[in-house]
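A.B. asks: Structure provided below as structure tokens; questions to follow.
The values are calculated or read from the model by the stated rules, or taken from the named source; none is laboratory data. Quantities reported herein were computed from a predicted structural model and do not represent experimental measurements. Cβ atoms come from the backbone with ideal geometry, glycine included; neighbour counts cover every protein chain shown.
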Amino acid sequence: MKKVLIVIAAVVIVMFLSKDFVASTIFTSGVRAFTDLPASVKSMKVGIFKSAVDIGGFKVYNPKSAFKDRVMLDMPALYIDYDLGSMLTGTKHIRKMKLELNEFYVIKNAGES
């Protein structure tokens, strides 16, 4: 019984310590799946007791072959404090959102003059 409790405690500790890494991996994979563009995140903090997400150094990159400018979106900071209950019921409610945007390039029909 004591070994089982130790294993459970170890699993909980590992999950707690790796939650931000796992969340950032899922986030960048989701951006890639949705936009078909590579993305990166320098840091991500997901609240356990507070429903908030704090993302630092979020970048979305243009395809290498199509554009000379490598970075399409550079967002140094994104903070979202959301109402978890509303997210679960289907109505989304964001209490507070802070967004810092360095650059965002959109080029339509790059081949035309």
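A.B. asks: Being touching a Leu at 6+ places or on another chain (Cβ under 7 Å) and not charged (D, E, K, R) narrows it down to one residue among Phe58, Phe49; which is it?
C.D. replies: Details: Phe49 fails: touching a Leu at 6+ places or on another chain (Cβ under 7 Å).
The unique qualifying residue is Phe58.
A.B. asks: Let me ask something additional. Being surrounded by 11 or more Cβ atoms within 10 Å (Cβ to Cβ), at pLDDT below 80 and over 18 Å from Phe27 (Cα atoms) is the requirement here; does Ser65 meet it?
C.D. replies: Numbers: surrounded by 11 or more Cβ atoms within 10 Å (Cβ to Cβ): no; at pLDDT below 80: yes; over 18 Å from Phe27 (Cα atoms): yes.
It is false that Ser65 is surrounded by 11 or more Cβ atoms within 10 Å (Cβ to Cβ), at pLDDT below 80 and over 18 Å from Phe27 (Cα atoms).
Per-residue answers, yes or no, for (1) modelled with pLDDT of 90 or more; (2) surrounded by 15 or more Cβ atoms within 10 Å (Cβ to Cβ):
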| site | (1), (2) |
| --- | --- |
| Asp20 | no, yes |
| Gly30 | yes, no |
| Lys50 | no, no |
| Asp54 | yes, yes |
| Asp74 | yes, yes |
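A.B. asks: Which count do you get for residues in region 1-39 that are part of a loop (DSSP other than H, G, I, E, B) and in contact (Cβ under 8 Å) with a residue 12 or more places away in the chain?
C.D. replies: So in region 1-39, the residues part of a loop (DSSP other than H, G, I, E, B) come out as 1, 36-38.
When the remaining residues are screened for being in contact (Cβ under 8 Å) with a residue 12 or more places away in the chain, the result is 37-38.
Number of matching residues: 2.
A.B. asks: Ok, one more. Yes or no: Lys92 of a type in the set (D, E, K, R), surrounded by 11 or more Cβ atoms within 10 Å (Cβ to Cβ) and in contact with a helix residue (DSSP H, G or I) (Cβ under 9 Å, 6 or more places away or on another chain)? Don't jump to the end; show me each part of the working.
C.D. replies: Details: of a type in the set (D, E, K, R): yes; surrounded by 11 or more Cβ atoms within 10 Å (Cβ to Cβ): no; in contact with a helix residue (DSSP H, G or I) (Cβ under 9 Å, 6 or more places away or on another chain): yes.
The answer is no for Lys92.
A.B. asks: Can we say Ile55 is of a type in the set (A, V, I, L, M, F, W, C), touching a Phe, Trp or Tyr at 6+ places or on another chain (Cβ under 8 Å) and not in a strand (DSSP E or B)? Please lay out each step first, then the result.
C.D. replies: Details: of a type in the set (A, V, I, L, M, F, W, C): yes; touching a Phe, Trp or Tyr at 6+ places or on another chain (Cβ under 8 Å): yes; not in a strand (DSSP E or B): no.
Spelling it out, it is not the case that Ile55 is of a type in the set (A, V, I, L, M, F, W, C), touching a Phe, Trp or Tyr at 6+ places or on another chain (Cβ under 8 Å) and not in a strand (DSSP E or B).
A.B. asks: Still on this structure, I have one more. How many residues are in a loop (DSSP other than H, G, I, E, B) and either at pLDDT below 90 or on the phi > 0 side of the Ramachandran plot (or both) if we restrict to region 79-102?
C.D. replies: Here is the first cut: in region 79-102, the ones in a loop (DSSP other than H, G, I, E, B) are 83, 90-93, 101-102.
Still in the running and either at pLDDT below 90 or on the phi > 0 side of the Ramachandran plot (or both): 83, 90-93.
Matching residues across region 79-102 total 5.
A.B. asks: Name every residue in region 58-78 that is in a strand (DSSP E or B) and either aliphatic (A, V, I, L, M) or over 10 Å from Met44 (Cα atoms) (or both), in order of residue number. First the steps, then the outcome.
C.D. replies: Initial filter on region 58-78 (in a strand (DSSP E or B)): 58-61, 71-78.
Within region 58-78, Lys59, Val60, Tyr61, Val71, Met72, Leu73, Asp74, Met75, Pro76, Ala77, Leu78 qualify.
A.B. asks: If the Cβ limit is 7 Å and pairs must be 6+ apart or interchain, which residue in region 52-72 that is over 28 Å from Gly85 (Cα atoms) pairs with which residue that is of a type in the set (Asp, Glu) and assigned to a strand (DSSP E or B)?
C.D. replies: As it stands, the answer is Lys59/Asp74; Val71/Glu103, since those pairs meet every condition given.
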